[in-house]
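The values are calculated or read from the model by the stated rules, or taken from the named source; none is laboratory data. Model, not experiment: these values are computed from the prediction. A quick note on method: Cβ atoms are made from the backbone with ideal geometry, for glycine too, and the neighbour counts reach across all protein chains shown. Heavy atoms of the whole protein, side chains included, go into the accessibility calculation; ligands, DNA and RNA do not. Shrake-Rupley method; radii C 1.70, N 1.55, O 1.52, S 1.80 Å.
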Amino acid sequence: MPPKSRRKKTSKAALTHRAAAIGRGASRAADRPIGVFDSGIGGLTVLRALVNAMPVEEFIYLGDTARLPYGTKSNEVITRYSRENSEFLLAKGIKLLVVACNTSSAVALENIAGATMVPVVGVIEPGARAAVRASRSGKIGVIGTEATIASGAYTRTIQRLRPKAEIYTRACPLLVPLAEEGWVDNDIAERTVAYYLESLKQSGIDTLLLGCTHYPLLAGVFKRVLGPSVKVVDSASATADAVREHLTALNLARGCGGAGRQSFFVTESPDRFIRVGRGFFGPGVESAVRIER
Ligand code: DGL
C-alpha cells in the first residue's frame with residue numbers, strides 16, 4: 001500500500017471512529033485489556049516497554065511460537081498468520097491492538113487495520129519517527145528480518161517523514177536465534193553484528209534503527225561495534241509512547257488502580273517461551289496458556 005493510504009487509515013479521526021464503534025462508552029472500554037501479538041518471544045521487548053510506560057493497563061500477549069519465524073516467510077503467509085492472531089485477541093474483548101512484530105507490521109498492518117474495529121498500532125511508524133528525531137545528518141541505518149527489509153516499509157515511512165533522508169538497510173537473520181539463545185554479549189554476537197553492520201558503518205550513518213523485536217537485547221553490542229557517534233534507536237519504547245498517546249486522545253486510558261496484569265498465550269508448548277521469555281521480559285513471565293492452531 002502506498003504511504004498516502006496508510007496515513008489516512010491511521011489518522012486520529014479514523015481511530016476515533018473505531019473507538020466510538022466499540023459502542024459501550026469510554027469508561028467501560030477503558031477497563032478492557034490491550035492485545036499484543038508477535039511471531040513468538042521477541043515481542044516481549046515491546047510488551048516490556050508498554051508495561052513500563054502504562055503500568056496500570058492490562059495486557060494480553062499472544063506469541064505464535066508454533067509458526068515463527070515470520071521473517072523468512074512470504075507476505076501472503078505472514079498476513080494470514082497475523083490476521084489469525086488479531087482475531088484471537090479481538091475475541092478477548094481488547095480495546096486496542098499492538099502489532100509488536102516488525103515483520104507483521106511491515107507486511108500486514110493495513111490488512112489487519114482494515115478488518116479491525118479497535119485502534120491498531122504497529123511498530124513501523126513510531127520507530128521511523130524516533131529514528132528521524134534522533135538523526136542529525138539524515139543518514140539512517142535500518143536493520144530487520146528479510147521480510148521487513150524486503151517490504152521497504154521503514155524506508156517509505158522514513159522518506160515520508162524526512163524526504164532527504166539517506167536510508168541504508170540490512171537484513172540480519174542470524175541475530176534472532178542469537179538473541180533467543182541468550183548469546184547477546186559474547187564474541188560470536190559481536191563478530192556477527194560487526195559483519196552485518198560493516199556496510200552501514202561505511203555509509204556513515206549517525207543513527208541505527210533496530211527494526212526487529214529481538215534486537216534490543218543486543219543493544220550493547222550494537223553500541224560497541226558502531227561507537228559513540230551512532231545513536232541506537234529501537235521501536236519498542238517509541239511504540240509504547242504512541243500507544244499511550246492514542247489511549248489518552250481516545251479517552252481509553254485505564255484510570256488509577258493497582259498494577260495491571262499480563263496474560264500470555266502461545267501456540268506451542270509454553271516451556272521454552274517461559275524460560276527464554278524471562279530474558280526478554282523479566283521474571284513476570286510465569287505461565288502461559290497454549291492455544292491450538
Ligand atoms: N518478531 C519478528 C520481528 O520483529 C522477528 C522474529 C521472526 O522472524 O518471526 O520481525
Going through the range 53-70 one residue at a time, which ones are open to solvent by 10 Å² or more (accessible area, probe 1.4 Å) and under 17 Å from VAL121 (Cα atoms)? ALA53, MET54, GLU58, ILE60
Is there a residue in the range 233-255 that is assigned to a loop (DSSP other than H, G, I, E, B), in contact with a Phe, Trp or Tyr (Cβ under 8 Å, 6 or more places away or on another chain) and modelled with pLDDT of 95 or more? no
Restricting the range 166-186 to residues that are part of a loop (DSSP other than H, G, I, E, B) and open to solvent by 20 Å² or more (accessible area, probe 1.4 Å), the residue that is nearest to the ligand (Cβ to nearest atom): PRO173
For ILE205, indicate whether it is in contact with a Gly (Cβ under 7 Å, 6 or more places away or on another chain), at pLDDT 95 or above and either open to solvent by 70 Å² or more (accessible area, probe 1.4 Å) or not in a helix (DSSP H, G or I) (or both). yes
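For the range 256-293, name all the residues that are outside any strand (DSSP E or B) and among the aromatic types (Phe, Trp, Tyr).
Within the range 256-293, the first condition is being outside any strand (DSSP E or B), and the residues that meet it are 256-261, 267-288, 291-293.
The answer is PHE273, PHE280, PHE281.
Scanning for something over 30 Å from GLY258 (Cα atoms), aliphatic (A, V, I, L, M), part of a helix (DSSP H, G or I) and within 14 Å of the ligand (Cβ to nearest atom), does the range 32-55 turn up at least one residue?
In the first step, residues of the range 32-55 are kept if they are over 30 Å from GLY258 (Cα atoms); the result is none.
No, the range 32-55 contains no residue that is over 30 Å from GLY258 (Cα atoms), aliphatic (A, V, I, L, M), part of a helix (DSSP H, G or I) and within 14 Å of the ligand (Cβ to nearest atom).
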Taking the range 71-96, which residues are crowded, with 16+ Cβ neighbours inside 10 Å and among the small types (Gly, Ala, Ser)? GLY71, SER82, SER86
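Given the criteria in contact with a Phe, Trp or Tyr (Cβ under 8 Å, 6 or more places away or on another chain) and either at pLDDT 95 or above or open to solvent by 40 Å² or more (accessible area, probe 1.4 Å) (or both), does GLY138 qualify?
Answer is no for this residue.
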Can you pull out the residues in the range 217-261 that are polar (S, T, N, Q), closer than 15 Å to VAL120 by Cα and surrounded by fewer than 22 Cβ atoms within 10 Å (Cβ to Cβ)? THR248
Of those in the range 188-234 that are touching a strand residue (DSSP E or B) at 6+ places or on another chain (Cβ under 7 Å) and free of Cβ contacts under 8 Å to residues at least 24 places away in the same chain, the residue nearest to the ligand (Cβ to nearest atom) is ALA219
